[in-house]
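Please read the structure below before turning to the comments.
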Amino acid sequence: MATLPLQGITVVSLEQAVAAPFATRQLADLGARVIKVERDTGDFARGYDDKVDGMASYFVWLNRSKESIVLDLKSESGLAVLRKLVEQADVLVQNLAPGAVERLGLGPDEALALNPRLIHASISGYGRGGPYATKKAYDLLVQCESGMLSVTGTPENPAKVGVSIADICAGMYTYSGILTSLLQRATTGRGDVLEVSMLEALAEWVAQPYFYAEYGGEQPRRSGAEHASIAPYGPFPAADGTVFFGIQNEREWKVFCSDVLHRPELFEDARFAGNSSRVRNRPELHETINAVLAALPADEVLARLDEAGIANAKLRTMQELSAHPQLAERNRWRDVDSPVGPLRSMLPPVTSREAAVRMDRIPEIGEHTEKILAELGIRP
């Protein structure tokens, strides 16, 4: 019988926007009870858009399986409720503005004095201390500061990553850090203090271009949808569309020349001998490839690539992702309840023989306030 691995773990989250809600939703997926503390106007991500039958796509994505309590944290009564929740919790997660959790009297030292087994996890833009500690941090701005935009886009113009990648990676490190601390606490009996900065999280994700530039002496070029340091790798025009593929080694290059391009003599061409040469001579390489593939239907190109064992892909829209045959065959979609009715959502990507996941209702603002207050013995 599959179990929920985090059943019995209670998480209190002072969260907003993306990073912290992404971390806590994954804890909720595994069975943790996540109590989301909101102001009377709610997490402002509730108002980012109204595309999901009136609900925000961001909020729908990040907040299933949670309980929402509305507290006025400027009042002593609201703070008293929050302190009671923290006293009984296993985890406190927060991504409020720098210094805000300390002003509430729930900084790491104060919170662990209330509850020595507590795991106190904070997400910020730039971390405690340093000249950027109080600087506002939004996803695009952290993409700039981390160097992400210097390697993303075309040679002429940088481009932001199309999802909230700085928030997502900070949320992922917070999630995995909390799991690690829960394991550690099982041995030591002590809580922990975790800090994740969006800048440092995203800087880890751009470590490869950092090493390339730091020790190679040159900035990686922005290459659009092409790979900056491997060729051929990226989009190529066919007669009726665009195909994507990538060559990883000389064995694949030889097969590509003979079985896809039907030009085996290209494997002996000195301009294209080895990846470094192909990158150096990319314009001539692409001209040679395009001369063959641009005359062929995209389906034929993809069939040749599949037959040759060359990795390839179709550029899909969000609607085509929704209809992806692989996801359908693997039964990866479920309906999640919400204030506007059932919403088709994807299962979490990790599957386990032993562990289950849950995908419960997305809460309305304050939907669980009375219930939680009653549990604490407080009359609303």
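Values in this text are rule-based calculations from the coordinates and carry no lab data. Everything numeric in this text was worked out from a predicted model, so none of it was measured. Neighbour counts are summed over all protein chains in view; Cβ atoms, including those assigned to glycine, are modelled from backbone coordinates with ideal geometry.
The table that follows gives values for the structure above.
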quantity: Ranking of Thr24, Thr188, Thr174 by count of other Cβ atoms within 10 Å, fewest first; calculated: Thr188, Thr174, Thr24
quantity: Lys/Arg +1, Asp/Glu -1 at C-beta; the chain dipole; positive extreme among Ile123, Ala311, Gln326; calculated: Ile123
quantity: Label corresponding to Rg/Rh (Cα atoms, Kirkwood Rh) when calculated from the structure given, among [x] 1.09; [y] 1.05; [z] 0.96; calculated: [y]
quantity: Max mean-square fluctuation residue, GNM over the chain, Cα-Cα springs under 10 Å, options Arg358, Arg222, Arg332; calculated: Arg332
quantity: Amide H contacts under 5 Å for Val243, placed H, 5+ residues apart; calculated: Phe236, Ala238
quantity: Region 196-283: chymotrypsin sites (Phe, Trp or Tyr not before Pro) in DSSP coil with no more than 14 other Cβ atoms inside 10 Å; calculated: none
quantity: J(HN,Hα) series, region 368-377, from Karplus relation 6.51 cos²θ - 1.76 cosθ + 1.60, nearest Hz, glycine and proline x; calculated: 10, 4, 4, 4, 5, 4, 4, 4, 7, x
quantity: Rounded to 5, the percent of DSSP beta bridges in the chain classed as antiparallel; calculated: 35
quantity: Under the Karplus curve 6.51 cos²θ - 1.76 cosθ + 1.60, θ = phi - 60°, whole-Hz ³J(HN,Hα) for region 91-107, x wherever Gly or Pro sits; calculated: 9, 10, 10, 8, 9, 6, 4, x, x, 5, 5, 5, 5, 7, x, 10, x
quantity: Separation of alpha-carbon centers, region 72-133 and region 346-380, rounded to whole Å; calculated: 21
quantity: Amide H contacts under 5 Å for Val336, placed H, 5+ residues apart; calculated: Leu343, Arg344, Ser345
quantity: In region 4-55, the chymotrypsin sites (Phe, Trp or Tyr not before Pro) that fall in loop regions by DSSP, at most 15 other Cβ within 10 Å; calculated: Tyr48
quantity: Whole-Hz couplings from phi, Karplus 6.51/-1.76/1.60, listed for region 164-176; x for Gly and Pro; calculated: 7, 5, 5, 5, 5, 6, 5, x, 5, 5, 5, 4, 5
quantity: In region 97-163, GluC sites (Glu not before Pro) in a DSSP loop with at most 13 other beta-carbon atoms within 10 Å; calculated: Glu156
quantity: Rounded to 10°, Cα long-axis angle of helix 282-293 versus longest principal axis of the chain; calculated: 80
quantity: Helix 298-308 axis, angle to the chain major axis (alpha carbon atoms, nearest 10°); calculated: 90
quantity: Long-range tail of P(r) for region 238-380 (Cα pairs > 17 Å, %); calculated: 74
quantity: Folded to 0 to 90 degrees: helix 207-216 orientation relative to the chain principal axis, Cα; calculated: 50
quantity: Charged-residue dipole, Cβ positions (Lys, Arg, Asp, Glu), the chain about Cα centre, Debye nearest 20; calculated: 620
quantity: Cα centroid separation, region 282-344 to region 184-214 (Å); calculated: 33
quantity: Euclidean distance between Cα centres, region 1-55 to region 215-264, Å; calculated: 41
